[in-house]
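The values are calculated or read from the model by the stated rules, or taken from the named source; none is laboratory data. Being a predicted model, the structure only gives us computed values, none of them experimental. As a convention, Cβ positions derive from the backbone with ideal geometry for all residues, glycine included, and neighbour counts pool all protein chains shown.
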Amino acid sequence: MADGVLRILPGGDGEPTGPIPPVDIVLGKHLRRLRKDRGYTQQQVVTAGGFSSVSMLSKYEKARLTLHEDKVLSLLRFYGVTDEQLTEFLEALREARDMKVWWAEYRDVVPGHAERLFSVESAACEFRSFEESVVPGLLQTAEYARAVMQAPLRQPASERFALEQKKSVERRLELRRLRQRLLEGTDPPPFYALMSENVLNKAVGGRTVMRGQLRHLYNLAENSPHVHVRILPFDAMSEAVGSPTSITLLKFPAGHGDTIVYLESYNQGGAYVSDTDSVETYMATLDWMWAAAADKERSMEMLDYYIRKFSGKG
């Protein structure tokens, strides 16, 4: 538990009003794992005096309540955590009290369904994704991202509303750029990005914007050892009918949380999957798609073909 990002939110026992910090999610999963490792059900913990109620314990384990230090320490003692480990936990807790979620100042443009994803991304040790309609956000150019963000906006009813839309898009672009730093630095996590050929064939934002985006993908595929781009050809996509249009899978280091899957429809709300059976099902789906996709050399050839197409050279 001597993880330098541990943090307990101040406040009462109500639902958190702000974004969920990664540590709350990690800590909740850790408490759940400790309980299961000891062979306890939630009811057994409550009956033995380890916690106040089953509903409260469930919310603690899912990070749906403000986590209080005294209650967390009580649980840790109940599960047999040593005094030395408790001391490490408290030290880490104090170090992290003033930490804030990196995207907190952009809370106004973060959709509710994305809060959990943004909260845990920075702790992931591996990303895997499949996109049927658009380039993954972490790999989008600014021009392409702007076109995607503006696509669902209707013609504004007034000049004031148009200005508000413009400001919102610009803030979302700033946020996306900050997210993309996850794949930069000296030791970024590997990202396995799988896309339908349909993504390459749509001139999102116009031919010039799309050509720039495809060149960016080609450059990443050729020069970034941690970014692995694969294209699922049209004929292979016909066998993937019924799969979600967007799948994101995040793996975490041992002891830092379980694998989660985030599913999303184009420009709509998302859903999370964290139970073992469902996660394994989506992992198998991604494995199948990856095997059915073109290999690196062929994927780059496909990218080059569409670059030429949008350059008028195809």
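Kindly indicate whether any position in segment 119-128 is surrounded by 18 or more Cβ atoms within 10 Å (Cβ to Cβ) and modelled with pLDDT of 90 or more. Checking segment 119-128: at least one residue is surrounded by 18 or more Cβ atoms within 10 Å (Cβ to Cβ) and modelled with pLDDT of 90 or more. Please work out if Ile247 is modelled with pLDDT of 95 or more, buried (at least 19 other Cβ atoms within 10 Å of the Cβ), β-branched (Val, Ile, Thr) and not in a loop (DSSP other than H, G, I, E, B). Judged against the criteria, Ile247 is not a match.
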